[in-house]
Amino acid sequence: MFIHGLRPGPLLMTETPDLFWFIVGSLVLANIFLLIFGLTGIRIFAKVVETPKAFLLPVILILSAVGAYAINNNPVDVYWMLGFGVLGYLMKIYGFPVAPVILGIVLGPLLERSYRQSILMTGEDPVLFFTEFFTSPISVILLLALGFSLLVSTPWWKRWRSQAK
């Protein structure tokens, strides 16, 4: 919206009410069409669920490979996709939770970028960097919650809790 010279937010309704109501109307129309096509296509969608795995899994693999290749037109991306697929399969077989790994892969670069930015803002002074954690009540509460969750996962805590009962 910024690209088109509009400021999104509550003032959008007062500055450009025609555009706002056009967006609302198009969303209502999209929901109506989604309801119509969803109710009429329920039998077709149910057939997709009944598709045998021997047919469905190769189709998913091919579509995933085409999608991975299409992003950068680079065959190495397909190898990365296959490698992470095998890693996820092995993690599932051996009982590792896959969701935290995916969360780490997604949030890792953001965390690293924010860490570098905060180090540069403090002038590369580690004492100032760590004291900045205690300037906001929210960060203090989050640090206490992090410390408590780490403490609870220790064997010492589990032994103490079993003795307390």
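The values are calculated or read from the model by the stated rules, or taken from the named source; none is laboratory data. Remember, it's a predicted structure, so these values are computed and weren't measured experimentally. Cβ placement follows ideal geometry from the backbone for every residue including glycine, while neighbour counts extend to all protein chains displayed.
Of the residues that sit in segment 122-165 and are among the hydroxyl-bearing types (Ser, Thr, Tyr) and touching a Phe, Trp or Tyr at 6+ places or on another chain (Cβ under 8 Å), which one is surrounded by the most Cβ atoms within 10 Å (Cβ to Cβ)? Give the derivation first.
Here is the first cut: in segment 122-165, the ones among the hydroxyl-bearing types (Ser, Thr, Tyr) are 122, 131, 135-136, 139, 149, 153-154, 162.
Right, trim to touching a Phe, Trp or Tyr at 6+ places or on another chain (Cβ under 8 Å) and you get 122, 139.
On the way: 122: 15, 139: 12.
Going through the qualifying residues, I end up with 122.
Looking at segment 6-59, which of the residues that are under 30 Å from residue 78 (Cα atoms) and surrounded by 11 or more Cβ atoms within 10 Å (Cβ to Cβ) is farthest from the chain's Cα centre (by Cα)? Talk me through it step by step, then tell me what you get.
Step one: filter segment 6-59 for residues under 30 Å from residue 78 (Cα atoms), giving 45, 47-59.
In the following step, the residues that additionally are surrounded by 11 or more Cβ atoms within 10 Å (Cβ to Cβ) were identified as 51, 56-57.
Working: 51: 29, 56: 26, 57: 24 Å.
Looking at the filtered set, the residue picked out is 51.
Consider only pairs whose beta carbons are under 7 Å apart and that are at least six residues apart or on different chains; among these, list those whose first residue lies in segment 52-71 and is over 12 Å from residue 82 (Cα atoms) and free of Cβ contacts under 8 Å to residues at least 12 places away in the same chain and whose second residue is assigned to a helix (DSSP H, G or I) and charged (D, E, K, R).
Taking only residues 6 or more apart or on different chains, the pairs are 71/77.
Just to be sure before I move on: is residue 113 of a type in the set (D, E, K, R) and within 24 Å of residue 80 (Cβ to Cβ) in the structure I sent?
Working: of a type in the set (D, E, K, R): yes; within 24 Å of residue 80 (Cβ to Cβ): yes.
Here the answer is yes, as residue 113 does meet what is asked.
Pairs please, first residue from segment 145-160 and at pLDDT 85 or above, second anywhere and assigned to a helix (DSSP H, G or I) and among the basic types (Lys, Arg), Cβ atoms under 9 Å, 6+ apart in sequence or on different chains.
Pairs that qualify, where the first residue is at pLDDT 85 or above and the partner is assigned to a helix (DSSP H, G or I) and among the basic types (Lys, Arg), are 152/158; 152/161.
Okay, residues lined up against (1) assigned to a helix (DSSP H, G or I); (2) small (Gly, Ala, Ser):
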| residue | (1), (2) |
| --- | --- |
| 23 | yes, no |
| 26 | yes, yes |
| 34 | yes, no |
| 51 | no, no |
| 58 | yes, no |
| 66 | yes, no |
| 77 | yes, no |
| 80 | yes, no |
| 85 | yes, yes |
